[in-house]
Amino acid sequence: MTNVLIVYATDYGNTRRMAETIASGAMSVPDTQVSVKLADDVTKDDLIASDAVIVGTPVHMGSPDWRVKKFIDTVCSRLWMKDSMIGKVGAVFATGSGYGNAGGGCELTMLTLLNNLVELGLVIVPLPKNTPGYHLAGLQWGPYARSAGEKMEQTGVTEERLEAARHHGANVSRIASVLKGHDLFAKPTPVLAQ
Ligand SMILES: Cc1cc2nc3c(=O)[nH]c(=O)nc-3n(C[C@H](O)[C@H](O)[C@H](O)COP(=O)(O)O)c2cc1C
């Protein structure tokens, strides 16, 4: 069984909708168990039990939601210190209103999260540009869905903007199932470890 943990924060439900869509994509892969949790509720044990962690956030002033950052600083950091997450799989997603139609900081937001996941030693799953739905809601870093329309009217995340997210979940699960159980990264020698 491959355990996929999806962590997110939300105020208005857009990022939750995306999290649930990614979960449905992951669950479409046989032998996958998915847990979807608010960043505030995730424990150290949730992370240890996972084979893949997918972190999502609304874009807030060009950066991740503070609750996601709190999760990184309080829960992930303890495992970072112990090297407990090295070799698991990681991925990100985001929603935003995208003021100016140029993303409104979504790339910086996703890169910030990816940087945190790389710090943990996770193997990152990107979103290839030939993914169905990429042209509407994709970036190479992961799915990014606008929750507003051309005139900044609040449309919510529409169904067509969720297609890439569904594939992202399935991609992560498939990749985690292949990597799971393999100990591939170099280890410190006993001398260096002392
Ligand atoms: C405090 C705050 C700051 C925001 N800053 C940005 C921003 O910099 N760029 C952007 O595209 N959208 C921004 N938004 C819009 C949200 O990212 C967008 O509405 C998102 O889909 C909300 O997700 P949620 O429904 O999961 O809370 C901001 C929203 C709030 C509440």
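For Lys70, Lys151, the ranking by accessible surface with the largest value first comes to Lys151, Lys70, using a 1.4 Å probe.
Note on the chain: GNM, Cα springs under 10 Å; of Ala26, Ala137, Ala145, the largest mean-square fluctuation is that of Ala137. Coupling constants for the range 162-175 follow from the phi torsions by the Karplus curve (6.51 cos²θ - 1.76 cosθ + 1.60, θ = phi - 60°), and in residue order they are 9, 4, 4, 4, 4, 5, 4, x, 5, 4, 4, 5, 4, 5 Hz; glycine and proline get x. The Cβ shell under 13 Å around Asn3 holds other residues with a net charge of -1, Lys and Arg each +1, Asp and Glu each -1. A simple charge model with +1 on the Cβ of Lys and Arg, -1 on the Cβ of Asp and Glu and nothing else charged puts the dipole of the range 73-146 at about 140 debye relative to its Cα centre. A Cβ-based charge dipole, computed about the Cα centre of the chain with Lys and Arg at +1 and Asp and Glu at -1, lands at about 220 debye. Magnitude of the charge dipole for the range 30-74, about its Cα centre and with charges confined to Cβ atoms of Lys, Arg (+1) and Asp, Glu (-1), is about 220 debye.
By the rule of a C-alpha distance below 18 Å, with chain neighbours fewer than 8 residues away ignored, the aspartates and glutamates paired with Lys88 are Asp31, Asp45, Asp46, Asp51, Glu119, Asp183.
Helical runs assigned H by DSSP (4 residues or longer) give the chain a calculated mean residue ellipticity at 222 nm of -10500 deg cm²/dmol, each run adding -39500 (n - 2.57) before division by the residue total. Using a probe radius of 1.4 angstrom, the carbon and sulfur fraction of the accessible surface of the range 2-179 is 55%.
In the context of the full set of protein chains, the chain has a per residue accessible area of 51 Å² (1.4 Å probe). Running a GNM on the chain with Cα contacts under 10 Å, which residue among Ile175, Ile48, Ile86 ends up with the highest mean-square fluctuation? The residue that fluctuates most here is Ile48.
The values are calculated or read from the model by the stated rules, or taken from the named source; none is laboratory data. Note that the coordinates shown come from a computational prediction; the quantities given were computed from them, not determined experimentally. Glycine also receives a Cβ, built like all others from the backbone with ideal geometry; neighbour counts cover every protein chain displayed. Just the protein is used for accessible areas: all its heavy atoms, side chains included, with ligands, DNA and RNA removed. Shrake-Rupley method; radii C 1.70, N 1.55, O 1.52, S 1.80 Å.
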